[in-house]
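The values are calculated or read from the model by the stated rules, or taken from the named source; none is laboratory data. Source: prediction; values computed, not measured. Cβ placement follows ideal geometry from the backbone for every residue including glycine, while neighbour counts extend to all protein chains displayed.
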Amino acid sequence: MKGQGSIEALLILAAVLTVTSGFLYQGIESSNSINALSAAKNGAENVTSRIEIENEVTIRITSVSEQNENITITLDNWGGKLPTDTKKKAKQGALKFLYQAFNGNFPNKEINKVNTAHHTYRVIVEYKEG
């Protein structure tokens, strides 16, 4: 009987480990998405802060969302006209911070997407002038 109890305990342990490993994978995927959104927002904020100072305008990030590995950042501004390259600069800032979040260093050239172990993120920047 001692051997049977050990086998039952091992089977229960195996079942628990199988179930929890599935939750771990879901948690990692959710964490990656949250990290990507946060990094993209930080990069866009970094760039827009410089644009605000240089052009005496106010820029606000109104939303950051992700759908199908596309991160969309929506900007709103008032107090003046934005430079024509604002969207491009905000996109590059977001991509650089995204790259840094998943690779540990900033890229030394312009990039169009960020590859991770499970995802390929792209950034879209939209804005409406107020």
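Here are the numbers for this structure:
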item	result
Options Tyr121, Tyr99: the member that is among the hydroxyl-bearing types (Ser, Thr, Tyr), touching a residue at least 12 places away in the same chain (Cβ under 8 Å), part of a helix (DSSP H, G or I) and surrounded by 15 or more Cβ atoms within 10 Å (Cβ to Cβ)	Tyr99
Counted residues, region 62-79 - those being aromatic (Phe, Trp, Tyr) and crowded, with 19+ Cβ neighbours inside 10 Å	0
Residue within region 24-31 that is modelled with pLDDT under 70 and either aromatic (Phe, Trp, Tyr) or outside any helix (DSSP H, G or I) (or both) present	yes
Residue within region 69-79 that is outside any strand (DSSP E or B), at pLDDT below 95 and more than 13 Å from Ala36 (Cα to Cα) present	yes
Among the candidates Ile51, Ile59, residue that is aliphatic (A, V, I, L, M), crowded, with 19+ Cβ neighbours inside 10 Å and assigned to a helix (DSSP H, G or I)	Ile51
Residue match in region 83-98 (condition: at pLDDT 90 or above, of a type in the set (Asp, Glu), in contact with a Phe, Trp or Tyr (Cβ under 9 Å, 6 or more places away or on another chain) and closer than 18 Å to Asn112 by Cα)	no
